[in-house]
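The values are calculated or read from the model by the stated rules, or taken from the named source; none is laboratory data. Only a predicted model underlies this, so the values are computations on that prediction, with no experimental measurement involved. Neighbour counts are summed over all protein chains in view; Cβ atoms, including those assigned to glycine, are modelled from backbone coordinates with ideal geometry. In case anyone asks, the SASA skips ligands and DNA or RNA and just uses the protein heavy atoms, side chains included. Shrake-Rupley method; radii C 1.70, N 1.55, O 1.52, S 1.80 Å.
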Amino acid sequence: MKPVSILYLLALLAVLSRAQTVPFVVDDLSKTATNSLGYYHGGSGVTYAAGTATVSSTGYFGTSFSGDAGVCYDMTGKAVYFEYTPTSARQAVNVYFGQRDAKCASWAVNSAAVSIVGPATVARAAATIPMSQFGLADPKRADGVTFDGPIKIHLVKVIADPAVATTTTTTTAVTSTAPQPTSGVSTSVYPAPVANPLTFRPVASLAGGTFVKDEWGMYMSCGKPGAFAYTLDDGPSPLTPGILASLAKANMKATFFMVGANINSYRSIAQQVHAAGHQLAAHSQTHADLATLTATQVRSEVNGSNQAIKSIVGYTPRFFRPPYGSVNANVMSILHNEFKFRVIYWSLDSQDWQTATTEDGIVKYFDTELAKSPAKSNSHIALSHDIQQKTANVIDRTLPLLAKYGYVQVPLYQCLNEKGYNN
């Protein structure tokens, strides 16, 4: 055997031995010519500096796990971990995984994109994507991972799948060694909201939360600090689509407490809310003050809104907010014991329904309240109304305040870490 062949075999054995031990670093961006394994990395619209690959908005960056002809890397039961900085709050990041051909000679095909949503601030973040999420025909023929721009990539690793039994993609903020500002840095443990609330199931990172409740047991906070649950009452209405557009632009999901009669009047708009991935919750059938009603009337109000939401979603809701926040012992007994609701109050009230409240006043209110309640130790459930023109007009000014003070917008199902519907 020629010496070059022996050297090649020794190198190949080294590669295979290294690849079978996880975790290991694929790319720390310390080199420009190759990644940390000595294999190819690069793409289009990429610049390198200080352990970072900066990818332009029209570019892409890829880094290879397998660089030798005839060699594939087996990603079965493993996951891709990467650290990155988005270019905007809650930016969607598209990630692809490459598969080699049957002879492991070269790249053959990319997976469909796995899209994750970044943190609510432009801060260094980390994400873990189990290999099973990429849907490749043969994970034993792994080639490498590719990221669409715009993005800054700092580190790529292979790790063991944190939960082989699940296929949940997680995104969390990470601690940077660089100096950080005192506000605008998310410390939230909340992952990105799911695309369809019907698929949400409680997650371990949000378990064991501590909640603030009022004297009736209604929720006034989320279980973990750093969360801001923006809720909108009394719709749907003709103003709702504009609010949906603002939420989409901010890449945020909210909870809409809907009145059953309004669902019946604006059914197509309620369907838009559901189709956009927001949570529908109950707010009675006619917006009656439940504390003034008989038990039979309370049940009728609740059943009306339940059935209206079921006609849109397919299931009844698990979250309820009483109109005006008005309850008594009998009402709470019905809501808790008979309907098994999570009954929601609020910690912040925009007062957008008050004639004296101005648009500038709403923005100043949220700015002031968030400034005096640090995200690292607080969470909020905020009340607004998607029947109020003032809220529709200022939502594009209020949502950016969350990132300014380090909060992450979450739907209530994440806020409480509970299913949003009875499914």
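Figures for the structure shown
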| quantity | calculated |
| --- | --- |
| Selection count where residues are surrounded by 18 or more Cβ atoms within 10 Å (Cβ to Cβ) and at negative phi, scope region 26-51 | 8 |
| Strands (runs of 3 or more DSSP E) wholly inside region 73-173 that include at least 2 residues being modelled with pLDDT of 75 or more, of a type in the set (A, V, I, L, M) and surrounded by 23 or more Cβ atoms within 10 Å (Cβ to Cβ) | 78-85, 125-130, 142-148, 151-160 |
| Residue list for region 315-333, restricted to those being open to solvent by less than 40 Å² (accessible area, probe 1.4 Å) and not in a helix (DSSP H, G or I) | Thr316, Pro317, Arg318, Phe319, Phe320, Arg321, Pro322, Ser326, Val327 |
| Odd one out for Lys376 among (1) open to solvent by 50 Å² or more (accessible area, probe 1.4 Å); (2) without any contact (Cβ under 8 Å) to a residue 60 or more places away in the chain | (2) |
| Failed criterion for Ala245 (all others in (1) open to solvent by 30 Å² or more (accessible area, probe 1.4 Å); (2) in a loop (DSSP other than H, G, I, E, B) hold) | (2) |
| Any chance Lys310 is under 21 Å from Ala250 (Cα atoms) and without any contact (Cβ under 8 Å) to a residue 12 or more places away in the chain | no |
| Pairs where the first residue, in region 137-156, is within 16 Å of Asp101 (Cα to Cα) and the second is open to solvent by 40 Å² or more (accessible area, probe 1.4 Å) and part of a strand (DSSP E or B), C-beta under 6 Å, 6+ apart | Asp143/Trp107 |
| Flag if Ser305 is open to solvent by less than 10 Å² (accessible area, probe 1.4 Å), among the polar types (S, T, N, Q), at positive phi and out of contact with any Leu (no Cβ under 6 Å at 6 or more places or on another chain) | no |
